[in-house]
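Data block below; observations after.
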2 protein chains.
Amino acid sequence: MRTAHLLALAFALAAPLAQGLTPVEKPRSSAEILEASAPGDWRRIDDENLMLLTLPKGQVLIELAPRFAPQHVANVKALVRERYFDGLAVMRVQDNYVAQWGDADAKKPIRSARKTLPAEFFRKLDDTLAFTPLGDVDSYGPEAGFSMGLPAVRDVARAEAWLAHCYAMVGAGRDTAHDSGGGPELYVVIGHAPRHLDRNVTLLGRVVQGIEQLSTLPRGTGALGFYEKPSQRVAIRRVRIAADLPVAQRPRLEALRTDTATWTAFVDARRHRREEWFIEPTGHIELCNVPLPVRIPKQ
Amino acid sequence: MRTAHLLALAFALAAPLAQGLTPVEKPRSSAEILEASAPGDWRRIDDENLMLLTLPKGQVLIELAPRFAPQHVANVKALVRERYFDGLAVMRVQDNYVAQWGDADAKKPIRSARKTLPAEFFRKLDDTLAFTPLGDVDSYGPEAGFSMGLPAVRDVARAEAWLAHCYAMVGAGRDTAHDSGGGPELYVVIGHAPRHLDRNVTLLGRVVQGIEQLSTLPRGTGALGFYEKPSQRVAIRRVRIAADLPVAQRPRLEALRTDTATWTAFVDARRHRREEWFIEPTGHIELCNVPLPVRIPKQ
């Protein structure tokens, strides 16, 4: 366990101080670690993978995950580019679960994109997939960690990896058949991680900014949180891919890389919570409790 | 692990069917288990422990937890009974974290109740405390389970038990000192369980109905989700204890008992998700993914 290792390391570092020798640096908080980060610890979110969902009160930015769901990401982009989502609506908001949008009336034709796709519930685990293990026990998977900014699980025995249903993750709704999803209907997790959905639905991205536009929506009072009246639905003004916007209008967002020493230090600070307020630092952290720092870089 | 045991049992039950002998009952869904429950599987929520928080758009019902935080519960009730909360406000709503209410201006005098109390972060584990183990691995505690309807952790080695920071749990905000809380400022979890707060803050109850009145509030844009302007705060009309209301006005709420065979079957159905939609049933469940069924009994 990495936790045990790091604890041992912390004790080793503390020893000289206890013996009154050289002073030892105080463990840094996660905020201090981010402040001290280098430019190379951050990556610009690719304009080709940044989706902008405009709702009446503001914008939601979603980073797509082509390394985990290449076909779904390509199809969602095709749907966006044929303006499929414009004028559709959020029609389901279930408290502590999901907000979902699409064509509530199943009337809008899909032109060039696909209506459904084969499932991409997991992918092959191979050397091309970056994976930074979390090191802490996970209730749902053999080994939790992070892959290109996303919470993920890998199973070396099965040689598979998959994304985890943490808060803000975006997936493709489906009916009972495993290949009945594809992207025309999307949902985002707005509550405690429903990890039982892992490997059961295709996750294809994550909200990186503006999730409050979805998480504060009125909860639907119908079954499963669907709005009972069409008038309650929340209109989608437009959905765009950042790369299709004039350069000046593209959001300039950077996310912390998850394959760096800064990331490891950041997660460790969240794991141990050495801030004065914490009376009993935990020493553990659960996958979905690790946030992805996102920032707008200085011009 | 109980999971492994139950899987073995499921296989044993399936055997006669595979051999064409007697038909075997189909595993029931959690909804079917609740439908088939007996009246004794439910408990009436005690009017003395049911707190009603009235906000502009509706009511939030909170069940207090005197077995875990007796002094805090007594003090919150004293605060309610001196009308301390009436006219105060929700002043902090941080996305995927907490909503918090109290006296944002620190001006309202406290008369008979206490302003602060010694911490009740955990309690002694003894024979008087009901505890139904979950049986699944927990990221944060040695043994997760349920005690009188509440998500909890017990540690036999330390002879201690404590409540877990799951969605909808209510706690007493505090400053840096461990004994700086007490009840005048309360918060509720409205996001992914911040379990690192376990054993660091006194939890004293849980929202059992109406959490959407808090979870849909606009997020504060100040540090830690505080509202930046007093005008953004959400007024608390009144807070009452159900026992103080005329009998006809008391909510008649029942919660599923967590020390029954029905509860164990309910949790197991949520753990395995045998419904047709699930392509890969999980076989695990995490403490905070087990909801507490609550109903209004038939008259």
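The values are calculated or read from the model by the stated rules, or taken from the named source; none is laboratory data. In this text, all values refer to a predicted model and were calculated from it rather than measured experimentally. For neighbour counting, all protein chains shown are included, and Cβ atoms are generated from backbone atoms with ideal geometry for every residue, glycine included. Areas reflect the complete protein model, heavy atoms only, side chains present, ligands, DNA and RNA absent. Shrake-Rupley method; radii C 1.70, N 1.55, O 1.52, S 1.80 Å.
Could you count how many residues in region A:252-262 are modelled with pLDDT of 95 or more and not in a strand (DSSP E or B)?
Residues meeting the conditions: 7.
Residue by residue through region B:93-118, note down the ones that are under 21 Å from residue B:224 (Cβ atoms) and within 14 Å of chain A (Cβ to nearest Cβ).
B:93, B:94, B:95, B:96, B:97, B:98, B:99
Take the conditions within 19 Å of the chain's Cα centre (by Cα), aliphatic (A, V, I, L, M) and either in a helix (DSSP H, G or I) or within 11 Å of chain A (Cβ to nearest Cβ) (or both) and apply them to residue B:239. Does it pass?
When the stated conditions are applied, residue B:239 does not pass them.
With respect to residue A:228, is the statement that it is over 30 Å from residue B:287 (Cα atoms) and at pLDDT 95 or above true?
It is true that residue A:228 is over 30 Å from residue B:287 (Cα atoms) and at pLDDT 95 or above.
Could you please find all residues in region A:157-181 being open to solvent by less than 20 Å² (accessible area, probe 1.4 Å), more than 9 Å from chain B (Cβ to nearest Cβ) and either under 23 Å from residue A:220 (Cβ atoms) or not in a loop (DSSP other than H, G, I, E, B) (or both)?
A:161, A:162, A:163, A:165, A:169, A:170, A:171, A:172, A:173, A:181
Looking at (1) in contact (Cβ under 8 Å) with a residue 12 or more places away in the chain; (2) small (Gly, Ala, Ser); (3) out of contact with any strand residue (DSSP E or B) (no Cβ under 6 Å at 6 or more places or on another chain), can you tell me which one residue A:31 breaks?
Here residue A:31 clears every test but (1).
Just one of (1) out of contact with any Leu (no Cβ under 6 Å at 6 or more places or on another chain); (2) part of a strand (DSSP E or B); (3) open to solvent by 20 Å² or more (accessible area, probe 1.4 Å) trips up residue A:187, so point out which.
(3)
Within region A:213-232, how many residues are in contact (Cβ under 8 Å) with a residue 40 or more places away in the chain and under 20 Å from residue A:52 (Cβ atoms)?
Residues flagged as in contact (Cβ under 8 Å) with a residue 40 or more places away in the chain and under 20 Å from residue A:52 (Cβ atoms) within region A:213-232 amount to 4.
Would you mind stating whether residue B:268 is closer than 30 Å to residue A:175 by Cα and either surrounded by 15 or more Cβ atoms within 10 Å (Cβ to Cβ) or not assigned by TED's automatic domain parsing to the domain that holds residue B:142 (or both)?
Judged against the criteria, residue B:268 is a match.
Taking region B:140-150, which residues are more than 11 Å from every other protein chain (Cβ to nearest Cβ) and assigned to a strand (DSSP E or B)?
Those that are more than 11 Å from every other protein chain (Cβ to nearest Cβ) and assigned to a strand (DSSP E or B): B:143, B:145, B:146, B:147, B:150.
For residue A:223, indicate whether it is more than 22 Å from the chain's Cα centre (by Cα) and at pLDDT 95 or above.
Spelling it out, residue A:223 is indeed more than 22 Å from the chain's Cα centre (by Cα) and at pLDDT 95 or above.
Where residues in region B:182-221 are of a type in the set (Ser, Thr, Tyr) and closer than 19 Å to residue B:162 by Cα, which of them is nearest to the other protein chains (Cβ to nearest Cβ)? Lay out the reasoning, then the answer.
Pass one, region B:182-221, residues of a type in the set (Ser, Thr, Tyr): B:187, B:202, B:215-216, B:221.
Next, from what is left, pick out any that are closer than 19 Å to residue B:162 by Cα: B:187, B:202.
On the way: B:187: 14, B:202: 11 Å.
Out of the qualifying residues, it is B:202.
List the number of the failed condition for residue A:224; all other conditions in (1) under 22 Å from residue A:84 (Cβ atoms); (2) more than 11 Å from every other protein chain (Cβ to nearest Cβ); (3) aliphatic (A, V, I, L, M) hold.
Among (1) under 22 Å from residue A:84 (Cβ atoms); (2) more than 11 Å from every other protein chain (Cβ to nearest Cβ); (3) aliphatic (A, V, I, L, M), the lone unmet condition for residue A:224 is (1).
Which condition from (1) in contact with a Gly (Cβ under 9 Å, 6 or more places away or on another chain); (2) outside any loop (DSSP other than H, G, I, E, B); (3) more than 19 Å from residue A:192 (Cβ to Cβ) is the one that residue B:231 breaks?
Every listed condition holds for residue B:231 apart from (1).
Can you tell me which condition residue B:288 does not meet? The list is (1) part of a loop (DSSP other than H, G, I, E, B); (2) open to solvent by less than 30 Å² (accessible area, probe 1.4 Å); (3) within 8 Å of chain A (Cβ to nearest Cβ), and all the others hold.
Checking residue B:288 against (1) part of a loop (DSSP other than H, G, I, E, B); (2) open to solvent by less than 30 Å² (accessible area, probe 1.4 Å); (3) within 8 Å of chain A (Cβ to nearest Cβ), the one that fails is (1).
Does residue B:248 satisfy the condition of being away from chain A (no Cβ under 13 Å), part of a helix (DSSP H, G or I) and not β-branched (Val, Ile, Thr)?
yes
Please go through region B:263-279 and pick out each residue that is assigned to a helix (DSSP H, G or I) and within 11 Å of chain A (Cβ to nearest Cβ).
B:270, B:271, B:272
With the structure loaded, tell me whether residue B:40 is part of a loop (DSSP other than H, G, I, E, B) and either open to solvent by 20 Å² or more (accessible area, probe 1.4 Å) or among the aliphatic types (A, V, I, L, M) (or both) or whether it fails that test.
Working: part of a loop (DSSP other than H, G, I, E, B): no; either open to solvent by 20 Å² or more (accessible area, probe 1.4 Å) or among the aliphatic types (A, V, I, L, M) (or both): yes.
Answer is no for this residue.
So residue A:172 fits all but one of (1) touching a strand residue (DSSP E or B) at 6+ places or on another chain (Cβ under 6 Å); (2) under 20 Å from residue B:285 (Cα atoms); what number is the exception?
Condition (2) is where residue A:172 drops out.
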